[in-house]
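Visitor: Okay, handing you the structure first.
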Amino acid sequence: MSTPTQVVDHSALKVNQTGIVVTVLVAFIGSALFRPLLVLIPLLAIVLLLGTFAPQLALFKQLYFKVLKPRGIVKPRPVQDRPEPHNFAQGLGGVFLAVASIFLIPLPVVGLALSLLVAVLAFVNLAFGYCLGCQIFFQLERRGFIKA
Amino acid sequence: MSAQLWALAVAGAVVVAAACLETFRARRARKLVLATSTPALRATSPQVGRNEEPYILYFTGDSCTVCRTHQEPALARLSDVRIDKIDAVNERALADQFHVYTLPTTVVMAADGQPLHVNYGYAPAPKLERQLAEARGAGLRSAATA
């Protein structure tokens with residue numbers, strides 16, 4: 001087995017996951033009092049999808065690299081790793097939030113539930129290191145749908 | 001507010017259902033592996049063979065972060081045990097034989113090549129140590145009866 005030669009800063013991933021959880025929670029709880037806060041869900045979907053295809057546009061990761069890391073607020077944690085599974089997981093989160101955004105107006109329960117599930121998965125990754133998107137990536141790679 | 005409460009209930013139900021499904025899948029896969037005959041496993045890979053001591057098959061992959069951050073430090077804490085590291089993507093036949101659907105997966109093998117314990121997902125060092133101790137105990141019992 002080849003050991004990944006790339007290094008992924010896991011603190012950037014943690015900041016990204018924290019951003020997802022906080023944004024969804026603000027939209028979820030806040031929308032009960034101030035409904036326009038629901039707009040945070042489609043905005044988050046755009047941020048995640050943009051960040052998947054253009055890392056320089058990943059808002060939370062840029063916040064980490066440009067603000068939190070230089071000021072020593074969050075310490076870097078470089079790990080020999082492949083960035084592809086994490087990008088795939090982020091993209092999957094973005095897709096789910098995009099679908100949730102479509103449902104927010106006609107069927108708010110479905111839209112909010114989908115958004116909550118994305119936040120739950122981001123929290124599980126943040127707290128326990130279990131990345132469902134990475135497991136799906138592994139299954140797709142194993143079946144030859146994704147080439148390493 | 002009612003939309004939020006309903007959404008919470010729906011998301012909670014999905015999480016509970018997924019947890020039940022995962023438990024069922026792991027149990028089923030474990031049963032299938034433990035029922036697998038040893039000669040078939042030996043024929044599949046030269047890495048699986050007869051040993052003096054119990055050993056561990058460790059299924060991992062490039063895409064597995066938990067393997068590097070959690071599982072490998074846990075395996076490093078185990079003393080005096082052979083660990084066969086297997087790429088689940090490249091060694092697909094062997095991975096299929098052990099029904100590896102998630103990474104990491106660790107299999108505690110008896111000295112005679114019989115799988116004794118299968119752990120889908122991260123297995124902490126104390127759990128693996130307990131399973132290895134059981135495997136050593138089983139080996140001693142079978143040697144005594146032989």
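The values are calculated or read from the model by the stated rules, or taken from the named source; none is laboratory data. Keep in mind the model is a prediction, meaning the values are calculated, not measured. Positions of Cβ are generated from backbone atoms using ideal geometry, with glycine treated the same way; all protein chains shown enter the neighbour counts.
Visitor: Conditions: (1) in contact with a Pro (Cβ under 6 Å, 6 or more places away or on another chain); (2) under 16 Å from B:Lys127 (Cα atoms). B:Ala111 meets all but one. Number of the miss?
Guide: If we test B:Ala111 against (1) in contact with a Pro (Cβ under 6 Å, 6 or more places away or on another chain); (2) under 16 Å from B:Lys127 (Cα atoms), just (2) comes out false.
Visitor: Let me ask something else. Can you tell me which residue in the range A:1-58 is nearest to the other protein chains (Cβ to nearest Cβ), limited to those that are of a type in the set (S, T, N, Q) and touching a Leu at 6+ places or on another chain (Cβ under 7 Å)?
Guide: Looking at residues that are of a type in the set (S, T, N, Q) and touching a Leu at 6+ places or on another chain (Cβ under 7 Å), I get A:Ser31.
Visitor: Right, something else. Based on this model, can you work out whether A:Ser31 counts as of a type in the set (S, T, N, Q), more than 30 Å from B:Tyr58 (Cα to Cα) and part of a helix (DSSP H, G or I)? Let's see the steps before the verdict.
Guide: Values: of a type in the set (S, T, N, Q): yes; more than 30 Å from B:Tyr58 (Cα to Cα): yes; part of a helix (DSSP H, G or I): yes.
Judged against the criteria, A:Ser31 is a match.
Visitor: What are the residue pairs meeting all of these: first residue in the range B:6-28, first residue free of Cβ contacts under 8 Å to residues at least 12 places away in the same chain, second residue loosely packed, with under 11 Cβ neighbours inside 10 Å and of a type in the set (D, E, K, R), Cβ atoms under 8 Å, and 6 or more apart or on different chains?
Guide: Close Cβ pairs satisfying both conditions: none exist.
Listed here are the residues, each with its yes/no results for (1) farther than 27 Å from A:Val124 by Cβ; (2) modelled with pLDDT of 85 or more.
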site	(1), (2)
B:Ala76	no, yes
B:Val81	yes, yes
B:Ile86	no, yes
B:Leu116	yes, yes
B:Leu128	no, yes
B:Ala138	yes, no
B:Ser142	yes, no
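Visitor: If you check B:Arg136 against the conditions, is it without any contact (Cβ under 8 Å) to a residue 24 or more places away in the chain and over 12 Å from the mean Cα position of the chain (by Cα)? Even if it seems obvious, please write down each step before you answer.
Guide: Working: without any contact (Cβ under 8 Å) to a residue 24 or more places away in the chain: no; over 12 Å from the mean Cα position of the chain (by Cα): yes.
So B:Arg136 fails the test.
Visitor: Sticking with this one: Given the criteria surrounded by fewer than 16 Cβ atoms within 10 Å (Cβ to Cβ), over 9 Å from the mean Cα position of the chain (by Cα), part of a helix (DSSP H, G or I) and in contact (Cβ under 8 Å) with a residue 12 or more places away in the chain, does A:Val26 qualify? Talk me through it step by step, then tell me what you get.
Guide: Numbers: surrounded by fewer than 16 Cβ atoms within 10 Å (Cβ to Cβ): yes; over 9 Å from the mean Cα position of the chain (by Cα): yes; part of a helix (DSSP H, G or I): yes; in contact (Cβ under 8 Å) with a residue 12 or more places away in the chain: yes.
Spelling it out, A:Val26 is indeed surrounded by fewer than 16 Cβ atoms within 10 Å (Cβ to Cβ), over 9 Å from the mean Cα position of the chain (by Cα), part of a helix (DSSP H, G or I) and in contact (Cβ under 8 Å) with a residue 12 or more places away in the chain.
Visitor: On to the next question. From the list A:Arg77, A:Arg82, which one is touching an Asp or Glu at 6+ places or on another chain (Cβ under 7 Å) and surrounded by fewer than 18 Cβ atoms within 10 Å (Cβ to Cβ)?
Guide: It is A:Arg77.
Per-residue answers, yes or no, for (1) more than 12 Å from the chain's Cα centre (by Cα); (2) closer than 22 Å to A:His86 by Cα; (3) without any contact (Cβ under 8 Å) to a residue 12 or more places away in the chain:
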site: B:Thr60; (1), (2), (3): no, yes, no
site: B:Leu75; (1), (2), (3): yes, no, no
site: B:Asp80; (1), (2), (3): yes, no, no
site: B:Ala95; (1), (2), (3): no, no, no
site: B:Thr106; (1), (2), (3): no, no, no
site: B:Met109; (1), (2), (3): no, no, no
site: B:Gln114; (1), (2), (3): yes, no, no
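Visitor: Taking the condition of being over 12 Å from A:Thr52 (Cβ atoms) and among the polar types (S, T, N, Q), how many residues in the range A:73-89 meet it?
Guide: Going through the range A:73-89 one residue at a time, the tally reaches 1.
Visitor: Let me ask something else about it. Under 9 Å between Cβ atoms, at least 6 apart or on separate chains: pull out the pairs that start in the range A:70-86 with a residue that is part of a loop (DSSP other than H, G, I, E, B) and end on any residue that is β-branched (Val, Ile, Thr) and buried (at least 17 other Cβ atoms within 10 Å of the Cβ).
Guide: Pairs that qualify, where the first residue is part of a loop (DSSP other than H, G, I, E, B) and the partner is β-branched (Val, Ile, Thr) and buried (at least 17 other Cβ atoms within 10 Å of the Cβ), are A:Val74/A:Val15; A:Asp81/A:Val8; A:Asp81/B:Thr65; A:Arg82/A:Val8; A:Arg82/B:Thr65.
Visitor: Here are some conditions: (1) in contact (Cβ under 8 Å) with a residue 12 or more places away in the chain; (2) farther than 30 Å from B:Trp6 by Cα. A:Ala45 meets all but one. Which one does it not meet?
Guide: (2)
Visitor: Quick check on my filter: what residues within the range B:71-83 are in contact with a Phe, Trp or Tyr (Cβ under 7 Å, 6 or more places away or on another chain) and surrounded by 17 or more Cβ atoms within 10 Å (Cβ to Cβ)?
Guide: First, pick out the residues of the range B:71-83 that are in contact with a Phe, Trp or Tyr (Cβ under 7 Å, 6 or more places away or on another chain): B:71, B:75, B:81-83.
The answer is B:Gln71, B:Leu75.
Visitor: Yes or no: the range A:58-66 includes at least one residue that is exposed (fewer than 15 other Cβ atoms within 10 Å of the Cβ) and closer than 18 Å to A:Thr18 by Cβ. First the steps, then the outcome.
Guide: Here is the first cut: in the range A:58-66, the ones exposed (fewer than 15 other Cβ atoms within 10 Å of the Cβ) are A:66.
With the extra rule that they be closer than 18 Å to A:Thr18 by Cβ, the set shrinks to A:66.
Scanning the range A:58-66, I find at least one residue that is exposed (fewer than 15 other Cβ atoms within 10 Å of the Cβ) and closer than 18 Å to A:Thr18 by Cβ, so the answer is yes.
Visitor: Sticking with this one: Residues A:Gly91, A:Gly111: which one is in contact with a Leu (Cβ under 7 Å, 6 or more places away or on another chain), farther than 21 Å from B:Val66 by Cβ and of a type outside the set (Phe, Trp, Tyr)?
Guide: On the way: A:Gly91 fails: farther than 21 Å from B:Val66 by Cβ.
Just a single option satisfies the conditions, and that option is A:Gly111.
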